[in-house]
1. Could you grab me the full set of residues in region 77-103 that are buried (at least 16 other Cβ atoms within 10 Å of the Cβ) and among the charged types (D, E, K, R)?
2. When you scan region 85-104, how many residues do you find that are aliphatic (A, V, I, L, M) and either at pLDDT below 85 or under 24 Å from Lys151 (Cβ atoms) (or both)?
3. Taking the condition basic (Lys, Arg), touching a Lys or Arg at 6+ places or on another chain (Cβ under 9 Å) and modelled with pLDDT under 75, does Lys165 pass?
4. All but one of (1) loosely packed, with under 11 Cβ neighbours inside 10 Å; (2) touching a Phe, Trp or Tyr at 6+ places or on another chain (Cβ under 6 Å); (3) polar (S, T, N, Q) hold for Asn121; which doesn't?
5. Report the residue count in region 261-279 for those that are surrounded by 20 or more Cβ atoms within 10 Å (Cβ to Cβ) and of a type outside the set (Gly, Ala, Ser).
6. So Phe282 fits all but one of (1) at pLDDT below 90; (2) closer than 15 Å to Ile352 by Cβ; what number is the exception?
7. Return the pair list, or none, for Cβ contacts closer than 6 Å from residues in region 105-119 that are assigned to a strand (DSSP E or B) to residues that are surrounded by 14 or more Cβ atoms within 10 Å (Cβ to Cβ) and charged (D, E, K, R), at least 6 apart or on different chains.
8. Mind telling me which of the residues Gly345, Gly366, Gly324, Gly319 ends up being modelled with pLDDT under 90 and either part of a strand (DSSP E or B) or not assigned by TED's automatic domain parsing to the domain that holds Phe377 (or both)?
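The values are calculated or read from the model by the stated rules, or taken from the named source; none is laboratory data. Source: prediction; values computed, not measured. Cβ placement follows ideal geometry from the backbone for every residue including glycine, while neighbour counts extend to all protein chains displayed.
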Amino acid sequence: MADQDKAKSELIDELVILRQRIAELEAIEVRHEEIENTLREREERYRAMVKAFDGIIYICSEDFHIEFMNEECIKRAGYDAIGELCYQVLHDRDSVCPWCVNERVLKGETVRWEVQSPKDNRWYYAVNAPIYNSDGTVSKQSMIMDITDRKEMEEALERSAEKIKRFAYSVSHDLKSPAAAIYGLTKRLHERYGDSLDEKGRRYCGQILKASLHVGALIEKINAYIEAKEAPLSAEEIDVREILQIIKDEFSPRLTIRQITWLEPEIIPAIKADKLSMLRVFRNFVDNALKYGGEDLSEISIGYQGNDSFHIFSVSDNGEGIRGGDYDSLFTAFRRDVTSKAVEGAGLGLAIVSEIAERHKGTVWGEPGKDQGATFFISVSRDL
(Lines give C-alpha, C1' and ligand atoms only; values in the text may rest on other atoms or scores of the structure.)
Protein backbone atom coordinates (compact mmCIF):
# COMPACT_ATOMS: atom_id res chain seq x y z
CA MET A 1 0.00 0.00 0.00
CA ALA A 2 2.84 2.36 0.83
CA ASP A 3 4.35 1.86 -2.61
CA GLN A 4 0.99 2.52 -4.24
CA ASP A 5 0.47 5.69 -2.20
CA LYS A 6 3.96 6.89 -3.12
CA ALA A 7 3.30 6.19 -6.82
CA LYS A 8 0.00 8.06 -6.62
CA SER A 9 1.71 10.96 -4.89
CA GLU A 10 4.42 11.14 -7.56
CA LEU A 11 1.75 10.94 -10.28
CA ILE A 12 -0.15 13.79 -8.68
CA ASP A 13 3.05 15.89 -8.52
CA GLU A 14 3.72 15.20 -12.18
CA LEU A 15 0.13 16.13 -13.06
CA VAL A 16 0.48 19.40 -11.12
CA ILE A 17 3.75 20.20 -12.91
CA LEU A 18 2.19 19.28 -16.23
CA ARG A 19 -0.82 21.49 -15.48
CA GLN A 20 1.50 24.36 -14.62
CA ARG A 21 3.38 23.92 -17.88
CA ILE A 22 0.12 23.75 -19.81
CA ALA A 23 -0.96 26.98 -18.09
CA GLU A 24 2.38 28.56 -18.97
CA LEU A 25 2.02 27.49 -22.59
CA GLU A 26 -1.54 28.82 -22.68
CA ALA A 27 -0.29 32.12 -21.22
CA ILE A 28 2.48 32.24 -23.83
CA GLU A 29 -0.06 31.50 -26.54
CA VAL A 30 -2.35 34.28 -25.24
CA ARG A 31 0.61 36.68 -25.04
CA HIS A 32 1.70 35.66 -28.52
CA GLU A 33 -1.82 36.35 -29.79
CA GLU A 34 -1.81 39.75 -28.04
CA ILE A 35 1.53 40.60 -29.63
CA GLU A 36 0.23 39.55 -33.04
CA ASN A 37 -2.90 41.68 -32.55
CA THR A 38 -0.78 44.65 -31.48
CA LEU A 39 1.51 44.23 -34.48
CA ARG A 40 -1.51 43.88 -36.75
CA GLU A 41 -3.06 47.07 -35.35
CA ARG A 42 0.20 48.98 -35.77
CA GLU A 43 0.58 47.68 -39.29
CA GLU A 44 -2.96 48.83 -40.14
CA ARG A 45 -2.28 52.21 -38.54
CA TYR A 46 0.96 52.58 -40.48
CA ARG A 47 -0.76 51.68 -43.74
CA ALA A 48 -3.53 54.22 -43.01
CA MET A 49 -0.93 56.92 -42.34
CA VAL A 50 0.97 56.02 -45.50
CA LYS A 51 -2.26 56.21 -47.50
CA ALA A 52 -3.18 59.58 -45.98
CA PHE A 53 0.28 61.09 -46.58
CA ASP A 54 0.25 63.06 -49.84
CA GLY A 55 4.01 63.00 -50.28
CA ILE A 56 6.51 60.34 -51.31
CA ILE A 57 7.36 57.38 -49.09
CA TYR A 58 9.81 54.65 -49.97
CA ILE A 59 11.97 52.14 -48.11
CA CYS A 60 15.33 50.96 -49.37
CA SER A 61 17.81 48.38 -48.15
CA GLU A 62 21.38 48.92 -47.01
CA ASP A 63 22.53 48.45 -50.60
CA PHE A 64 20.00 51.02 -51.93
CA HIS A 65 17.45 48.59 -53.40
CA ILE A 66 13.83 49.72 -53.09
CA GLU A 67 11.73 47.53 -50.77
CA PHE A 68 8.52 49.58 -50.64
CA MET A 69 6.91 52.46 -52.57
CA ASN A 70 3.68 54.28 -51.79
CA GLU A 71 1.32 55.39 -54.57
CA GLU A 72 2.87 58.87 -54.84
CA CYS A 73 6.34 57.37 -55.18
CA ILE A 74 5.11 54.99 -57.91
CA LYS A 75 3.53 57.96 -59.73
CA ARG A 76 6.81 59.89 -59.56
CA ALA A 77 8.84 56.93 -60.85
CA GLY A 78 6.22 56.03 -63.45
CA TYR A 79 6.09 52.38 -62.42
CA ASP A 80 6.45 50.01 -59.46
CA ALA A 81 10.24 49.80 -59.10
CA ILE A 82 10.59 47.51 -56.07
CA GLY A 83 13.93 45.72 -56.21
CA GLU A 84 15.63 48.43 -58.28
CA LEU A 85 18.21 50.99 -57.15
CA CYS A 86 16.60 54.05 -55.57
CA TYR A 87 19.05 56.60 -56.98
CA GLN A 88 18.46 55.33 -60.52
CA VAL A 89 14.68 55.26 -60.24
CA LEU A 90 14.09 58.51 -58.35
CA HIS A 91 17.01 60.71 -59.42
CA ASP A 92 18.18 59.32 -62.79
CA ARG A 93 21.70 58.84 -61.41
CA ASP A 94 24.25 56.10 -62.10
CA SER A 95 25.73 56.33 -58.61
CA VAL A 96 24.64 57.15 -55.06
CA CYS A 97 23.32 60.71 -54.67
CA PRO A 98 25.95 63.05 -53.16
CA TRP A 99 23.41 64.32 -50.63
CA CYS A 100 22.34 60.82 -49.54
CA VAL A 101 22.33 60.29 -45.75
CA ASN A 102 22.07 56.50 -45.92
CA GLU A 103 25.11 55.82 -43.72
CA ARG A 104 23.89 58.14 -40.94
CA VAL A 105 20.44 56.52 -40.99
CA LEU A 106 21.89 52.99 -40.92
CA LYS A 107 23.74 54.01 -37.74
CA GLY A 108 20.38 54.80 -36.12
CA GLU A 109 20.08 58.55 -36.78
CA THR A 110 16.88 60.22 -38.01
CA VAL A 111 17.82 62.99 -40.45
CA ARG A 112 15.65 65.92 -41.56
CA TRP A 113 16.74 68.12 -44.44
CA GLU A 114 15.72 70.19 -47.45
CA VAL A 115 17.03 69.58 -50.96
CA GLN A 116 16.40 70.87 -54.45
CA SER A 117 16.08 67.94 -56.84
CA PRO A 118 18.19 68.19 -60.03
CA LYS A 119 15.54 66.10 -61.77
CA ASP A 120 12.79 68.75 -61.68
CA ASN A 121 14.41 71.69 -59.76
CA ARG A 122 11.67 71.52 -57.15
CA TRP A 123 12.32 71.77 -53.41
CA TYR A 124 11.61 68.84 -51.10
CA TYR A 125 11.58 68.33 -47.33
CA ALA A 126 12.79 64.85 -46.40
CA VAL A 127 12.76 62.80 -43.21
CA ASN A 128 15.01 59.73 -43.34
CA ALA A 129 14.62 57.23 -40.50
CA PRO A 130 15.98 53.74 -39.78
CA ILE A 131 13.78 50.63 -39.80
CA TYR A 132 15.14 47.64 -37.88
CA ASN A 133 14.27 44.34 -39.55
CA SER A 134 13.78 41.01 -37.74
CA ASP A 135 16.84 39.50 -39.45
CA GLY A 136 19.10 42.18 -37.94
CA THR A 137 19.43 44.32 -41.06
CA VAL A 138 18.50 47.98 -41.21
CA SER A 139 16.47 49.66 -43.94
CA LYS A 140 16.00 53.37 -44.61
CA GLN A 141 12.54 54.88 -44.79
CA SER A 142 12.29 58.19 -46.63
CA MET A 143 9.27 60.47 -46.35
CA ILE A 144 9.48 63.35 -48.83
CA MET A 145 7.15 66.31 -49.19
CA ASP A 146 7.16 68.88 -52.00
CA ILE A 147 7.73 72.32 -50.41
CA THR A 148 8.32 74.31 -53.60
CA ASP A 149 5.21 76.45 -53.04
CA ARG A 150 6.32 77.21 -49.49
CA LYS A 151 9.81 78.14 -50.69
CA GLU A 152 8.40 80.46 -53.34
CA MET A 153 6.13 82.07 -50.74
CA GLU A 154 9.08 82.57 -48.37
CA GLU A 155 11.09 84.18 -51.14
CA ALA A 156 8.14 86.44 -52.01
CA LEU A 157 7.81 87.43 -48.36
CA GLU A 158 11.53 88.21 -48.19
CA ARG A 159 11.23 90.41 -51.28
CA SER A 160 8.18 92.10 -49.81
CA ALA A 161 9.95 92.64 -46.47
CA GLU A 162 12.91 94.20 -48.29
CA LYS A 163 10.57 96.57 -50.13
CA ILE A 164 8.83 97.51 -46.87
CA LYS A 165 12.20 98.11 -45.22
CA ARG A 166 13.34 100.42 -48.03
CA PHE A 167 9.98 102.21 -47.92
CA ALA A 168 10.24 102.69 -44.16
CA TYR A 169 13.76 104.05 -44.48
CA SER A 170 12.60 106.44 -47.19
CA VAL A 171 9.53 107.62 -45.30
CA SER A 172 11.37 108.14 -42.02
CA HIS A 173 14.15 110.05 -43.79
CA ASP A 174 11.75 112.20 -45.83
CA LEU A 175 9.53 113.01 -42.83
CA LYS A 176 12.26 113.81 -40.35
CA SER A 177 13.34 117.13 -41.86
CA PRO A 178 9.80 118.53 -42.43
CA ALA A 179 8.78 117.53 -38.87
CA ALA A 180 11.84 119.30 -37.46
CA ALA A 181 11.12 122.34 -39.64
CA ILE A 182 7.48 122.52 -38.50
CA TYR A 183 8.57 122.33 -34.87
CA GLY A 184 11.29 124.98 -35.29
CA LEU A 185 9.13 127.45 -37.22
CA THR A 186 6.18 127.06 -34.85
CA LYS A 187 8.45 127.55 -31.84
CA ARG A 188 9.91 130.70 -33.42
CA LEU A 189 6.41 131.94 -34.23
CA HIS A 190 5.30 131.35 -30.65
CA GLU A 191 8.39 133.04 -29.17
CA ARG A 192 8.40 136.11 -31.44
CA TYR A 193 4.75 136.70 -32.12
CA GLY A 194 3.05 134.91 -29.26
CA ASP A 195 2.03 138.20 -27.67
CA SER A 196 0.30 139.23 -30.92
CA LEU A 197 -1.80 136.05 -30.98
CA ASP A 198 -5.01 135.59 -29.11
CA GLU A 199 -5.53 132.70 -26.70
CA LYS A 200 -6.80 130.39 -29.45
CA GLY A 201 -3.77 131.14 -31.64
CA ARG A 202 -1.35 130.41 -28.82
CA ARG A 203 -3.22 127.19 -28.11
CA TYR A 204 -2.92 126.18 -31.76
CA CYS A 205 0.83 126.87 -31.64
CA GLY A 206 1.11 124.63 -28.59
CA GLN A 207 -0.80 121.84 -30.31
CA ILE A 208 1.39 122.10 -33.44
CA LEU A 209 4.53 121.94 -31.29
CA LYS A 210 3.22 118.90 -29.47
CA ALA A 211 2.17 117.14 -32.70
CA SER A 212 5.50 117.81 -34.44
CA LEU A 213 7.38 116.46 -31.41
CA HIS A 214 5.21 113.35 -31.52
CA VAL A 215 5.93 112.88 -35.26
CA GLY A 216 9.66 113.24 -34.59
CA ALA A 217 9.53 110.72 -31.77
CA LEU A 218 7.58 108.29 -33.97
CA ILE A 219 10.17 108.61 -36.74
CA GLU A 220 12.94 107.89 -34.22
CA LYS A 221 11.03 104.80 -33.03
CA ILE A 222 10.61 103.55 -36.60
CA ASN A 223 14.33 104.03 -37.21
CA ALA A 224 15.12 102.20 -33.97
CA TYR A 225 12.80 99.33 -34.97
CA ILE A 226 14.47 99.02 -38.39
CA GLU A 227 17.90 99.20 -36.77
CA ALA A 228 16.95 96.49 -34.25
CA LYS A 229 16.04 94.22 -37.18
CA GLU A 230 18.81 95.06 -39.62
CA ALA A 231 21.85 96.67 -37.97
CA PRO A 232 24.89 94.41 -37.48
CA LEU A 233 25.02 92.86 -34.00
CA SER A 234 28.18 93.85 -32.15
CA ALA A 235 28.44 91.16 -29.48
CA GLU A 236 31.01 91.87 -26.76
CA GLU A 237 31.44 91.15 -23.07
CA ILE A 238 29.49 93.81 -21.18
CA ASP A 239 28.99 94.72 -17.53
CA VAL A 240 25.22 94.71 -17.02
CA ARG A 241 25.59 96.68 -13.76
CA GLU A 242 27.13 99.51 -15.77
CA ILE A 243 24.13 99.50 -18.10
CA LEU A 244 21.72 99.49 -15.16
CA GLN A 245 23.56 102.43 -13.60
CA ILE A 246 23.19 104.40 -16.84
CA ILE A 247 19.46 103.64 -16.90
CA LYS A 248 19.05 104.48 -13.21
CA ASP A 249 20.84 107.83 -13.65
CA GLU A 250 18.73 108.58 -16.72
CA PHE A 251 15.46 108.06 -14.86
CA SER A 252 16.73 109.34 -11.50
CA PRO A 253 14.68 112.59 -11.48
CA ARG A 254 11.42 110.71 -12.07
CA LEU A 255 12.36 108.01 -9.55
CA THR A 256 13.18 110.64 -6.91
CA ILE A 257 10.10 112.83 -7.46
CA ARG A 258 7.76 109.83 -7.30
CA GLN A 259 9.73 108.21 -4.44
CA ILE A 260 10.11 104.92 -6.32
CA THR A 261 12.49 102.33 -4.87
CA TRP A 262 15.04 100.82 -7.26
CA LEU A 263 16.15 97.23 -6.51
CA GLU A 264 18.90 95.14 -8.08
CA PRO A 265 20.20 91.62 -7.35
CA GLU A 266 23.52 91.35 -5.52
CA ILE A 267 25.12 89.25 -8.26
CA ILE A 268 24.80 89.94 -11.99
CA PRO A 269 27.43 88.28 -14.21
CA ALA A 270 29.05 89.87 -17.23
CA ILE A 271 27.43 88.67 -20.45
CA LYS A 272 28.20 88.65 -24.15
CA ALA A 273 25.70 90.88 -25.97
CA ASP A 274 25.27 94.06 -27.99
CA LYS A 275 25.64 96.91 -25.48
CA LEU A 276 23.42 99.46 -27.24
CA SER A 277 20.71 96.84 -27.70
CA MET A 278 20.72 95.94 -23.99
CA LEU A 279 20.53 99.65 -23.11
CA ARG A 280 17.42 99.88 -25.28
CA VAL A 281 15.88 96.83 -23.62
CA PHE A 282 16.27 98.07 -20.04
CA ARG A 283 15.38 101.65 -21.00
CA ASN A 284 12.15 100.42 -22.58
CA PHE A 285 11.20 98.14 -19.67
CA VAL A 286 11.85 100.82 -17.05
CA ASP A 287 10.20 103.58 -19.08
CA ASN A 288 7.07 101.42 -19.51
CA ALA A 289 6.94 100.74 -15.77
CA LEU A 290 7.09 104.48 -15.06
CA LYS A 291 4.60 105.45 -17.77
CA TYR A 292 2.00 102.76 -17.19
CA GLY A 293 2.51 101.81 -13.52
CA GLY A 294 0.04 104.40 -12.28
CA GLU A 295 0.13 106.65 -9.23
CA ASP A 296 0.55 103.76 -6.78
CA LEU A 297 3.81 102.58 -8.36
CA SER A 298 6.43 102.52 -5.61
CA GLU A 299 8.98 99.89 -6.65
CA ILE A 300 10.94 98.79 -9.74
CA SER A 301 13.00 95.64 -9.33
CA ILE A 302 15.64 94.21 -11.65
CA GLY A 303 16.04 90.42 -11.60
CA TYR A 304 18.52 87.89 -12.96
CA GLN A 305 18.55 84.12 -13.31
CA GLY A 306 20.60 81.89 -15.55
CA ASN A 307 20.81 78.36 -16.85
CA ASP A 308 23.16 76.44 -19.13
CA SER A 309 21.73 78.08 -22.25
CA PHE A 310 20.52 81.57 -21.35
CA HIS A 311 20.95 84.66 -19.23
CA ILE A 312 17.45 85.77 -18.17
CA PHE A 313 16.81 89.35 -17.02
CA SER A 314 13.57 90.77 -15.70
CA VAL A 315 12.12 94.16 -14.78
CA SER A 316 9.21 94.05 -12.31
CA ASP A 317 6.98 96.78 -10.93
CA ASN A 318 4.16 96.92 -8.39
CA GLY A 319 1.97 99.22 -10.46
CA GLU A 320 -1.35 98.71 -12.21
CA GLY A 321 -0.28 95.78 -14.40
CA ILE A 322 -1.72 94.83 -17.77
CA ARG A 323 -5.50 94.92 -17.99
CA GLY A 324 -6.85 91.61 -19.31
CA GLY A 325 -3.46 89.94 -19.02
CA ASP A 326 -2.86 89.85 -22.79
CA TYR A 327 0.93 90.11 -22.64
CA ASP A 328 1.77 88.35 -25.93
CA SER A 329 0.06 90.96 -28.11
CA LEU A 330 2.15 93.77 -26.58
CA PHE A 331 5.21 92.66 -28.55
CA THR A 332 3.47 93.28 -31.88
CA ALA A 333 4.37 96.51 -33.66
CA PHE A 334 1.90 99.39 -33.09
CA ARG A 335 -0.12 97.31 -30.59
CA ARG A 336 -0.80 98.98 -27.24
CA ASP A 337 -2.62 97.90 -24.08
CA VAL A 338 -5.93 99.58 -23.24
CA THR A 339 -4.37 100.97 -20.06
CA SER A 340 -1.91 103.01 -22.17
CA LYS A 341 -4.44 105.05 -24.14
CA ALA A 342 -3.93 108.09 -21.93
CA VAL A 343 -0.15 107.90 -22.39
CA GLU A 344 1.61 109.01 -25.55
CA GLY A 345 3.48 106.31 -27.43
CA ALA A 346 3.95 104.66 -30.80
CA GLY A 347 3.45 101.03 -29.79
CA LEU A 348 6.92 100.11 -31.05
CA GLY A 349 8.96 99.87 -27.85
CA LEU A 350 8.26 96.24 -26.98
CA ALA A 351 8.35 95.26 -30.66
CA ILE A 352 11.92 96.62 -30.74
CA VAL A 353 12.75 94.59 -27.60
CA SER A 354 11.31 91.49 -29.28
CA GLU A 355 13.57 92.00 -32.31
CA ILE A 356 16.59 92.49 -30.04
CA ALA A 357 15.79 89.28 -28.16
CA GLU A 358 15.46 87.32 -31.40
CA ARG A 359 18.81 88.60 -32.65
CA HIS A 360 20.37 87.50 -29.35
CA LYS A 361 18.92 83.98 -29.93
CA GLY A 362 16.51 84.51 -27.04
CA THR A 363 12.91 85.43 -26.35
CA VAL A 364 10.93 88.11 -24.55
CA TRP A 365 7.72 87.71 -22.57
CA GLY A 366 5.60 89.26 -19.84
CA GLU A 367 3.78 87.96 -16.79
CA PRO A 368 1.54 89.47 -14.12
CA GLY A 369 3.21 90.19 -10.78
CA LYS A 370 2.62 87.91 -7.79
CA ASP A 371 0.31 90.38 -6.10
CA GLN A 372 0.10 93.29 -8.55
CA GLY A 373 2.04 94.98 -11.31
CA ALA A 374 3.84 93.31 -14.18
CA THR A 375 7.15 91.61 -14.94
CA PHE A 376 8.87 91.60 -18.32
CA PHE A 377 11.62 89.12 -19.17
CA ILE A 378 14.28 88.83 -21.84
CA SER A 379 16.58 85.85 -22.39
CA VAL A 380 19.99 86.21 -24.03
CA SER A 381 21.76 83.15 -25.40
CA ARG A 382 25.13 82.26 -23.91
CA ASP A 383 26.14 81.10 -27.39
CA LEU A 384 26.72 84.37 -29.27
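1. Residues satisfying the conditions are Glu84, Arg93.
2. The number of residues fulfilling the criteria is 2.
3. When the stated conditions are applied, Lys165 passes them.
4. Going through the list (1) loosely packed, with under 11 Cβ neighbours inside 10 Å; (2) touching a Phe, Trp or Tyr at 6+ places or on another chain (Cβ under 6 Å); (3) polar (S, T, N, Q), Asn121 breaks only (2).
5. Adding up the residues that qualify gives 3.
6. (1)
7. Val111/Arg104
8. Details: Gly345 fails: either part of a strand (DSSP E or B) or not assigned by TED's automatic domain parsing to the domain that holds Phe377 (or both); Gly324 fails: either part of a strand (DSSP E or B) or not assigned by TED's automatic domain parsing to the domain that holds Phe377 (or both); Gly319 fails: either part of a strand (DSSP E or B) or not assigned by TED's automatic domain parsing to the domain that holds Phe377 (or both).
From the options Gly345, Gly366, Gly324, Gly319, the qualifying one is Gly366.
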